[in-house]
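Below is one structure, written out as structure tokens; comments come after it.
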């Protein structure tokens with residue numbers, strides 16, 4: 001059963017129960033709905049409890065700090081849908097204006113993170129960039145351009161729609177162009193990996209500007225571009241989510257060789273994992289790990305595979 | 001249906017609904033932020049978190065029907081852990097870290113460090129922040145309900161829109177505000193099932 005659907009039903013019950021025309025029949029109907037499943041009870045009780053906790057807002061009354069009294073809200077509630085959407089558009093326009101005021105000339109600005117670091121940068125156009133470990137970007141955002149250079153590392157972008165103005169990410173010899181979407185770009189030397197959560201992304205090969213666009217990818221796609229080739233992996237939303245697990249400080253492996261897994265860990269930590277022999281390097285591992293917890297990973301490898309551990313100051317060597 | 005059935009209890013000597021409700025609201029719901037982050041950090045698919053939490057709540061209620069646990073916190077996290085392991089096994093997720101991490105109590109204790117009860121002032125501040133974080137229309141409808149005490153019909157008249165619209169905005173706002181009150185992000189979840197579907201039986 002779908003939790004969101006149950007919660008919605010529970011909210012409808014709660015809303016109706018507060019109405020003056022609530023009748024004994026309604027009460028009976030609610031009762032049998034609740035009796036039908038403990039999931040219903042959990043969802044309903046939770047809402048009632050939380051909703052009650054919010055009762056204190058009533059004490060705010062017409063506190064000027066909460067909400068200016070009606071005129072403005074009336075406007076955005078004009079009965080005609082078209083008018084409402086115009087009001088909405090006006091509101092957006094205002095926000096945009098106020099956002100734009102502080103935008104200075106498009107001086108590229110440097111941002112970076114250390115090993116193990118993670119950081120979100122709000123851009124002046126309303127977009128957001130989240131930098132993963134050991135990442136360097138430069139941004140140039142002004143009224144007529146939105147460009148970012150990913151010089152090193154990996155970043156996740158939430159790009160605000162802005163009147164069709166493109167948002168461009170440069171990584172190695174690839175150019176990634178979007179209008180308003182969510183996606184990530186990772187750069188390892190000349191290899192560029194793009195994963196799309198939402199919307200459409202165009203990837204061009206900047207070294208061959210006259211060619212047709214290299215690739216247009218959409219939500220659920222992961223593209224890996226290197227040199228002349230662009231490899232598109234099978235569509236998988238789960239794959240994209242796994243690619244972005246770093247945003248929660250998590251690493252996801254699925255039949256990943258221990259060599260690759262160790263390299264991933266090493267991106268995030270001062271303490272480096274070294275694999276002693278090629279046989280060990282080929283062991284396949286899967287699972288979900290905390291990027292910062294090298295010790296737990298190593299301990300598990302020891303317990304699960306009986307690998308030998310030799311620890312030095314800032315280095316752990318694993319061997320069979 | 002006869003009204004007398006209303007309070008009818010099942011035959012077995014069980015914890016009655018009032019006690020169950022009091023336990024759930026008083027002892028389980030305050031753990032919601034910790035439980036949510038416990039699920040999130042042990043489950044790789046973010047979209048599943050709410051679904052899993054709801055399943056866990058259901059299992060908790062089922063598990064205490066005969067007797068309330070003496071230590072709610074450890075009971076909640078034991079049930080949560082078992083549920084995640086079962087789901088992981090069912091989904092054939094190869095993840096020994098999942099299992100190993102779930103075994104360690106340290107993590108649970110850690111997560112509960114952030115748990116705290118809201119006092120009245122916190123509650124007011126929180127309610128206000130939650131209200132302010134709602135989208136404008138939704139906020140206005142919730143405000144009319146909570147602050148001015150209008151019915152959906154009155155709110156519809158006041159704002160010059162249909163009752164359907166008020167109902168949709170109000171249930172959306174309720175869910176988001178409750179999530180916020182219980183320590184969540186208060187993010188709006190748009191009903192996937194269009195307004196046609198009634199909860200009425």
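Points to keep in mind about this one:
- Sequence ranges A:42-54, A:15-27, ranked by mean other-Cβ count within 10 angstrom, highest first: A:42-54, A:15-27
- 10 Å Cβ neighbours from other chains, averaged over peptide A:31-44: 5
- Look at the stretch B:15-26: the mean tally of other chain Cβ atoms within 10 Å of its residues' Cβ atoms is 2.
- Sorted by Cβ density within 10 Å, fewest first, the residues A:222, A:137: A:222, A:137
- Per-residue shielding of A:252-261, expressed as the average number of other chain Cβ atoms within 10 Å of the residue Cβ, stands at 1.
- Mean-position separation - Cα centroids, segment A:275-320 and segment A:8-49, in angstrom: 52 Å
- Neighbour counts of C-beta atoms inside 10 Å place A:135, A:113 in the sequence A:113, A:135, starting with the fewest.
Taken together, the values in this text are just the output of simple stated rules run on the coordinates, not laboratory data. Given the structure is predicted, the values throughout are model-derived calculations rather than measurements. Methodologically, a virtual Cβ is constructed for each residue, glycine included, from the backbone with ideal geometry; neighbour enumeration extends over all protein chains shown.
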